[in-house]
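First the structure, in the form of structure tokens, and then the observations on it.
The values are calculated or read from the model by the stated rules, or taken from the named source; none is laboratory data. Given the structure is predicted, the values throughout are model-derived calculations rather than measurements. All Cβ positions, even for glycine, are placed from backbone atoms using ideal geometry, and neighbour counts span all protein chains on display.
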Amino acid sequence: MMPEVDRDAPLEEQIDQWRDYLRRRQAVHAVDVAELEDHLREQVAALVDAGLATDEAFLVAVKRMGDLDALSREFAREHSDRLWKQLVVPSSPGQPKTAARTDAVVAFCLAVAAAVAVKAPALFGADLGQDEGFYARNLSLLVLPLLTAYFFWKRGLDRRSLIWPVAAFVAAGIFANVYPFTDGGHTEVLTALHLPITLWMVVGIVYAGGRWNQVAGRMDFVRFSGELVIYYVLIGLGGAVLMAFMALIFEAIGVDLEPFFESWLLPCGAAGAIVVASWLVEAKQSVIENMAPVLTRLFTPLFAVALLTFLGTVLWTGRGVDVERDVLIAFDLLLVVVLALVLYSVSARDPQSPPGVFDVLQVVLVVSALLADAVALWAIAARITEFGFTPNRVAALGENVVLLVNLAWSAVLSASFLRGRRPFTAVEKWQTDYIPVYAIWAAVVVVVFPPLFAYI
């Protein structure tokens, strides 16, 4: 008799997905789904008895089944990575709790180190309120190395692989500090905005743990980045509520906490929360993994409507896009959000499913963003022709060209998928292959722009 397995909802949903996949492909592969399900449940039961959680046991069981059955192996390859679990098979029932506790301790210590690092420049005379340019350029260098160290430890990488991330951070520190920037100048602001983008790719390569050259490895980092933003915002909202209550209760006894908030709690908390949020994403993937796809499906039609309305207004009024720095930054951020929606829809979609209504909405969103980007590029080019080159205009021009290329080919691939001429995996591969382009352009802005534009 088959061992009994606790029939919790998450496990049953996973088995239902596995069963439905086999039944859809049954015409291609002659399989006995019921018999395979019995074997799968036996494997899950044995792994649960050994101490694994049910969701972990399911993934390990599917991969073991893949060694015996070609269709199960196909399912494991296409779906296990999309469940986005970093599994460690325990050698004893007590190991998972011990590993989780150690992981939490390491993350907490690195979060404290990040908080301390933010205040460390004060020992050398830097003041957060007065030396805003220094902190803006170096903030990512104070926090991201510690986050990289966390993933280096988490993935158990060889010490020799630590050389190039250290070299990247050292080089970034040199370029962020040796140039004679004008205080509050354009090139200083551009360095502060673009350096974190380049360094985030360093974090991503370490996060992937040797899988960066694989589409699945890069897509995992895309998922992680989005979930990190969600957790970070939630922590930030919780921190805001905490600060509000603290301010109220201390005000009752005549104590003003605003100086403490500005000098200590806000900067230290914001830095440490990046590591804490990363740890939470790693530890609670089974809880959060459906949040980003839900938000994607909610906001994709809203952003599509917003962009179509914008384009219609441009045509109706005949007005061009303002090319002031703040407007350009906001416009580029809008296009980045659109790309994030595309990436998350790609990361959460079953590549075997046929095109649907949401895929049509995706194409509408991409084409709308493509046209909006073209409008912005036209405005930037016209302003450069009339008034000449400035760091902001050239940076905006390059970024919009980078986004334009991505959106254009994404539109082609998505339309081809809708027409049945390309598989959906082509869209996924294009998006993940294009990630280094953003980091390369950001590095060009950091390294080349300051001397090119005389540090203004």
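Observations on the model:
- Residue match in the stretch 220-229 (condition: surrounded by fewer than 16 Cβ atoms within 10 Å (Cβ to Cβ), in a helix (DSSP H, G or I) and out of contact with any Lys or Arg (no Cβ under 7 Å at 6 or more places or on another chain)): yes
- Tally, over the stretch 176-210, of residues that are in a loop (DSSP other than H, G, I, E, B) and surrounded by fewer than 17 Cβ atoms within 10 Å (Cβ to Cβ): 6
- Residue within the stretch 430-446 that is among the hydrophobic types (A, V, I, L, M, F, W, C) and over 25 Å from Gly204 (Cα atoms) present: no
- For the stretch 266-287, a tally of residues being at pLDDT below 85 and surrounded by 16 or more Cβ atoms within 10 Å (Cβ to Cβ) returns 2.
- Qualifying positions in the stretch 339-360 - assigned to a helix (DSSP H, G or I), in contact (Cβ under 8 Å) with a residue 60 or more places away in the chain and surrounded by 17 or more Cβ atoms within 10 Å (Cβ to Cβ): Leu339, Ala340, Val342, Leu343, Tyr344, Val346, Ser347, Ala348
- Checked against the criteria, Glu258 does not count as closer than 18 Å to Leu144 by Cα and acidic (Asp, Glu).
- The lone criterion from (1) farther than 29 Å from Thr182 by Cβ; (2) charged (D, E, K, R); (3) in a helix (DSSP H, G or I) left unmet by Arg393 is number (1).
- Pairs meeting the criteria (first residue in the stretch 417-432 and at positive phi, second residue surrounded by fewer than 19 Cβ atoms within 10 Å (Cβ to Cβ), beta carbons under 8 Å, at least 6 apart or on different chains) are Gly420/Pro355.
- Condition check for Ile163: without any contact (Cβ under 8 Å) to a residue 12 or more places away in the chain, over 20 Å from Ile440 (Cβ atoms), of a type outside the set (Lys, Arg) and in a helix (DSSP H, G or I): yes
- Index of the failed condition, Pro450 passing every other in (1) part of a loop (DSSP other than H, G, I, E, B); (2) on the phi < 0 side of the Ramachandran plot: (1)
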